[in-house]
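Single-structure report; data block below.
The values are calculated or read from the model by the stated rules, or taken from the named source; none is laboratory data. Just so we're clear, the structure is a prediction, and the values are computed from it rather than from any experiment. Backbone-built Cβ (ideal geometry, glycine too); neighbour counts: all protein chains shown. The area values use the complete protein model at the heavy-atom level, side chains included, leaving out ligands, DNA and RNA. Shrake-Rupley method; radii C 1.70, N 1.55, O 1.52, S 1.80 Å.
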Amino acid sequence: MKLLLKGGRVIDPSRGVNRVSDILIDRGRIAEIGRNIPHKGERVIDVKGKIVSPGLIDMHVHLREPGNEEAETIETGTRAAARGGFVLLACMPNTNPTIDNQDTVAFIHSMTKKKGAARVLPIGSITKGLEGKELAEMGELKGSGVVAVSDDGGVIHNCDIMRHALEYAKMLELLVISHCEDETLNIDGVMNEGYWATSLGLAGTPTASEEIAVARNIRLLELSGGALHIAHLSCAGSVSLVREAKKRGINVTCETAPHYFTLTDEAIKEYNTNTKVKPPLRGKKDVEAIKEGLSDGTIDVIATDHAPHTPEEKEVEYELAPFGMIGLETALPLILGLTREGVLDLNEALAKITNNPARILNLDGGTLKVGSTADITVIDLEEKVIVKKDSFQSKSRNSPFIGWELQGMAVLTICGGKITSMSDQVKNKLCGRTK
Amino acid sequence: MIKKRLRIMGEIEIEKALRHLSHMIMRDVSHEELALIGIRTRGEHLATRIKKIISETSSFPIPMGILDITLYRDDLTMIAPHPIVRKTEIPFDITKKAIVLIDDVLFTGRTVRAALDALIDLGRPRCIRLAVLVDRGSRELPIQADYTGKKTVISATEMIEVKLKETDGYDETAIVTRA
Amino acid sequence: MKQQSLPEHKSVEWKRKDILGLEELTAREIEFILETAESFREVSLRPIRKVPALRGKTIITLFFEPSTRTRMSFELAAKRLSADTANISSSTSSVVKGETLKDTARNIEAMKVDVIIIRHSMAGAPHLLAREVSPGVINAGDGAHEHPTQGLIDIFTMKEKKGKIKGLKVVIIGDIAHSRVARSNIWGLRKLGALVSVVAPPTLIPAEIERMGVRVCHSIKEAISDADVINVLRIQRERQKAGFFPSIREYHQLFGITRKSLESAPFDVLIMHPGPINRGVELDGDVADGPYSVILDQVTNGLAVRMAVLYLTSGAGEKR
């Protein structure tokens with residue numbers, strides 16, 4: 001089936017394109033880009049006034065399947081992704097069983113094929129069972145199709161094991177993604193150490209906990225070589241460490257998540273457990289530093305760290321609640337908020353959720369090049385939505401943004417040429433000019 | 001909204017009524033046993049005045065106290081927020097005393113009922129008498145005053161308003177009609 | 001039914017059904033509780049120490065942490081107001097069977113109670129409870145967050161002994177980091193205009209506490225030289241094992257209140273302690289029993305303050 005997107009502003013950071021063009025999709029690929037492509041019976045969608053971007057990529061999500069299907073499944077997680085404008089997800093290995101073997105990878109591939117509304121690329125674990133002790137069979141994992149390895153959700157405290165992981169992954173040309181926190185410094189911490197933790201009487205985690213781990217992993221990378229990507233930077237110190245390492249030419253990349261440039265630890269004030277996340281929400285200075293890191297390119301990627309938890313898990317005492325918040329359906333407007341604030345321009349903002357993660361994960365996606373897979377996200381920069389508890393596609397509701405009015409939504413998501421999500425606006429007003 | 005206001009006692013009438021009450025109390029109650037207890041807030045000031053009048057002719061020291069009946073009200077469950085609680089100050093043992101309870105207006109009798117319960121919790125007086133400045137009728141409980149300054153029968157839409165120098169700057173009793 | 005109304009009895013705007021902390025109360029609200037407590041103090045001096053104000057009301061103490069004195073103080077306060085009380089403590093409740101706080105709360109609510117008094121080892125548990133149920137919720141201590149009634153009791157006692165709070169120099173000594181009593185004291189005292197210093201080794205001072213409006217000091221001598229009140233906090237022995245200070249002995253040497261350390265304090269300083277005291281650790285026995293000590297007054301005042309809190313919250317009407 002052919003599909004013609006007419007009159008949108010095409011922004012493709014991979015090629016530095018920013019102009020009004022039509023896009024013709026044919027057999028799941030981008031067939032043609034140009035002004036006034038004549039239509040010959042294909043389905044036409046008028047996207048005038050909208051932004052047409054390469055399909056969004058989220059390189060850090062937790063889909064909970066297999067193991068905790070109460071909180072999320074590949075089906076619901078990818079539907080949430082499609083709604084939020086994402087076409088491609090890299091999912092973390094802290095499932096049950098862990099993604100430390102080819103059977104689990106195969107299971108995720110097959111579930112995605114059957115029920116997925118987005119492509120899902122598994123990330124294998126670094127150590128067996130995320131225990132931080134013995135290396136997982138990375139060779140086999142690579143062979144079965146993982147795009148990176150990570151012990152996210154667990155932390156590798158032992159320097160030897162981290163070093164060996166980097167060395168071994170280097171041989172396999174596998175990216176290592178690291179959750180950086182030295183937990184010996186924050187054994188009980190449930191939020192950022194500072195005024196709000198003191199006021200609320202909750203145990204705090206100092207930013208030094210993250211900085212120590214970032215510094216250590218950068219040093220180990222220098223020792224081992226290979227490629228290291230640091231997950232969800234949350235504080236000023238980490239941004240400087242990465243900035244300095246990049247200056248020295250070290251092969252390190254990193255990401256942050258929308259909550260780290262949107263919220264501070266003040267959000268925890270009412271003990272809303274949906275604000276409990278790891279690393280924790282930080283102070284104002286850290287938020288500013290994260291924005292600076294995004295702006296000067298130190299931070300390559302914005303990823304959601306979408307971490308669903310059921311209401312039963314979250315409606316408990318703050319200390320008992322699990323860490324994590326969902327993010328797929330609120331990420332894009334929060335990222336676009338950075339463009340309104342002047343932190344990033346639209347091209348830079350989209351690069352951090354298209355081209356950059358594609359490059360780091362060594363994927364073909366994240367581009368609107370003619371001939372590439374038709375992964376496209378159409379964005380209405382003006383559309384405003386009030387986030388409601390019951391309006392999520394995700395199976396979970398643990399968002400700290402419930403009640404917020406967000407601006408700039410994906411109105412049409414196309415994954416491999418297939419429409420995976422379409423807003424009512426598009427459905428009602430723009431569709432139906434099929435001849 | 002106050003619609004109408006009819007003055008029934010001025011400063012002189014109130015003074016006369018208090019002198020009358022004091023006279024009756026002195027006639028009935030033995031001076032050794034007598035103790036005055038005013039119900040907050042206006043009963044307290046009336047008790048102080050009566051004590052002063054009695055002291056003009058009697059050399060016995062007359063113990064006096066103030067009772068706050070808020071915690072004994074029978075309508076607490078119906079009032080939100082709860083009314084302010086003030087101190088009860090009765091600096092003597094009421095047991096075996098002849099207590100004269102003093103209030104400004106006797107209406108439903110519920111305040112007096114509460115005051116009686118409160119007093120009984122404080123000790124066992126030999127007797128309790130009731131003195132009021134105005135009895136306006138419309139009782140809801142079987143309670144009567146022993147000493148009354150002025151009796152007047154008014155309807156449910158009317159109210160007695162007592163103003164005293166101590167709280168309001170002037171002495172006056174009036175019938176007010178609510179619209 | 002309308003009683004012949006006295007204008008002074010007109011309702012004050014007390015609309016809170018919950019008291020979760022002093023941080024959220026205004027200075028006026030704190031003063032109003034203290035004034036009401038003043039009226040309640042006399043009730044405990046009567047031959048019959050009971051008034052019928054809360055007859056027919058049911059008050060539950062829900063204690064997830066052992067505490068004899070706070071629970072008893074609340075229970076007695078409720079009983080002196082003629083409320084019915086029942087006690088659920090963690091050892092007897094279904095908590096050990098894995099029931100969540102939310103379910104426990106719903107079950108208590110289903111029994112039609114008016115006020116729940118909760119003590120919990122985790123900060124924010126009372127807030128969770130207050131969000132879930134309609135009865136009033138009174139925080140009787142949640143983790144290291146707040147213990148609002150203890151804060152009120154301490155302030156009430158300071159006001160009783162010193163006549164005022166504004167300008168009063170109060171020194172809080174001890175495990176500030178883990179102390180809910182310290183936080184409630186700080187919020188309440190700062191709102192009423194007292195000058196507050198906290199004294200402890202740096203390991204027991206939480207981050208950025210200066211932003212709560214207090215002065216931080218690591219020397220007793222310096223801190224107490226012009227103090228009006230010294231509020232001494234309990235030191236839990238487990239803190240030493242967790243590495244916050246080298247030994248109980250050294251803590252006592254550096255931060256214990258002894259007759260000797262008090263030599264640098266003004267002659268009319270008050271010594272307070274929320275109890276229970278570790279004699280010879282944070283406070284020497286002869287000081288606790290000495291002329292400066294108002295520790296037992298705190299206990300007595302506790303009843304009046306808690307009666308006031310129960311009276312006000314149970315009259316706050318329907319759930320918001």
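Please name all residue pairs, on different chains or six or more residues apart, with Cβ atoms under 8 Å, provided the first residue is in segment A:16-34 and is over 23 Å from A:N356 (Cβ atoms) and part of a loop (DSSP other than H, G, I, E, B) and the second residue is among the β-branched types (V, I, T) and open to solvent by 20 Å² or more (accessible area, probe 1.4 Å).
A:G28/A:T373
Only one of B:D75, B:D103 is within 14 Å of another protein chain (Cβ to nearest Cβ), within 28 Å of B:T152 (Cα to Cα) and either in contact with a Ser or Thr (Cβ under 9 Å, 6 or more places away or on another chain) or open to solvent by 10 Å² or more (accessible area, probe 1.4 Å) (or both); which?
Values: B:D75 fails: either in contact with a Ser or Thr (Cβ under 9 Å, 6 or more places away or on another chain) or open to solvent by 10 Å² or more (accessible area, probe 1.4 Å) (or both).
Only one candidate passes the filter, namely B:D103.
In segment A:299-322, which residues are open to solvent by 10 Å² or more (accessible area, probe 1.4 Å), more than 14 Å from A:R64 (Cα to Cα) and in a loop (DSSP other than H, G, I, E, B)?
A:D300, A:E315, A:V316, A:E317, A:E319, A:L320
Among the candidates B:T70, B:T157, B:T167, single out the residue that is more than 10 Å from chain C (Cβ to nearest Cβ), of a type in the set (S, T, N, Q) and either on the phi < 0 side of the Ramachandran plot or out of contact with any strand residue (DSSP E or B) (no Cβ under 7 Å at 6 or more places or on another chain) (or both).
Working: B:T70 fails: more than 10 Å from chain C (Cβ to nearest Cβ); B:T167 fails: more than 10 Å from chain C (Cβ to nearest Cβ).
It is B:T157.
Take the residues of segment C:168-181 that are open to solvent by 10 Å² or more (accessible area, probe 1.4 Å) and either part of a helix (DSSP H, G or I) or in contact with a Pro (Cβ under 8 Å, 6 or more places away or on another chain) (or both): which is farthest from C:F74 (Cα to Cα)?
The extreme case among them is C:A177.
Would you call B:V176 closer than 16 Å to B:T108 by Cβ, in contact (Cβ under 8 Å) with a residue 12 or more places away in the chain and open to solvent by less than 40 Å² (accessible area, probe 1.4 Å)? Before you say what the answer is, go through the steps one by one.
Numbers: closer than 16 Å to B:T108 by Cβ: no; in contact (Cβ under 8 Å) with a residue 12 or more places away in the chain: yes; open to solvent by less than 40 Å² (accessible area, probe 1.4 Å): yes.
No, not satisfied.
Which numbered condition trips up C:L101, out of (1) within 14 Å of another protein chain (Cβ to nearest Cβ); (2) farther than 25 Å from A:L320 by Cβ?
(2)
Counting only residues that are polar (S, T, N, Q) and not in a loop (DSSP other than H, G, I, E, B), which one in segment A:42-76 is least open to solvent (accessible area, probe 1.4 Å)?
Restricting attention to segment A:42-76, the residues satisfying the condition of being polar (S, T, N, Q) are A:53, A:68, A:73, A:76.
Filter once more, so that each one left must be not in a loop (DSSP other than H, G, I, E, B): A:53, A:76.
Details: A:S53: 0, A:T76: 17 Å².
Per the stated criteria, the residue is A:S53.
Which number in (1) within 14 Å of chain A (Cβ to nearest Cβ); (2) in a loop (DSSP other than H, G, I, E, B) marks the one condition that C:I165 misses?
All conditions pass for C:I165, except number (1).
Take B:P63 and decide whether it is out of contact with any strand residue (DSSP E or B) (no Cβ under 6 Å at 6 or more places or on another chain), within 18 Å of C:E42 (Cβ to Cβ) and surrounded by 14 or more Cβ atoms within 10 Å (Cβ to Cβ). Give the steps one after another, and end with the answer.
Values: out of contact with any strand residue (DSSP E or B) (no Cβ under 6 Å at 6 or more places or on another chain): no; within 18 Å of C:E42 (Cβ to Cβ): yes; surrounded by 14 or more Cβ atoms within 10 Å (Cβ to Cβ): yes.
Taking the combined requirement at face value, the residue does not satisfy it.
Can you tell me which residue among C:L270, C:L233, C:L296, C:L283 is surrounded by fewer than 16 Cβ atoms within 10 Å (Cβ to Cβ), among the hydrophobic types (A, V, I, L, M, F, W, C), on the phi < 0 side of the Ramachandran plot and under 25 Å from the mean Cα position of the chain (by Cα)?
Working: C:L270 fails: surrounded by fewer than 16 Cβ atoms within 10 Å (Cβ to Cβ); C:L233 fails: surrounded by fewer than 16 Cβ atoms within 10 Å (Cβ to Cβ); C:L283 fails: surrounded by fewer than 16 Cβ atoms within 10 Å (Cβ to Cβ).
It is C:L296.
Just one of A:G365, A:G327 is open to solvent by 20 Å² or more (accessible area, probe 1.4 Å), touching a strand residue (DSSP E or B) at 6+ places or on another chain (Cβ under 9 Å) and of a type in the set (G, A, S); which is it? Can you show your working first?
Working: A:G327 fails: open to solvent by 20 Å² or more (accessible area, probe 1.4 Å).
None of the other options fit; the residue is A:G365.
Go through segment C:21-55 and count every residue that is of a type in the set (A, V, I, L, M), more than 8 Å from chain B (Cβ to nearest Cβ) and open to solvent by 30 Å² or more (accessible area, probe 1.4 Å). Quick ask: steps written out before the conclusion?
Let us first name the residues in segment C:21-55 that are of a type in the set (A, V, I, L, M), namely C:22, C:25, C:27, C:30, C:33-34, C:37, C:43, C:45, C:48, C:51, C:53-54.
Among the residues that remain, those that are also more than 8 Å from chain B (Cβ to nearest Cβ) are: C:22, C:25, C:27, C:30, C:33-34, C:37, C:45.
Remaining after also requiring open to solvent by 30 Å² or more (accessible area, probe 1.4 Å): C:27, C:45.
Within segment C:21-55, residues that are of a type in the set (A, V, I, L, M), more than 8 Å from chain B (Cβ to nearest Cβ) and open to solvent by 30 Å² or more (accessible area, probe 1.4 Å) number 2.
List the residue pairs whose Cβ atoms are under 6 Å apart, where the first residue sits in segment A:214-225 and is assigned by TED's automatic domain parsing to the domain that holds A:E255, the second is surrounded by fewer than 22 Cβ atoms within 10 Å (Cβ to Cβ) and among the acidic types (D, E), and the two are 6 or more positions apart or on different chains.
A:S224/A:E167
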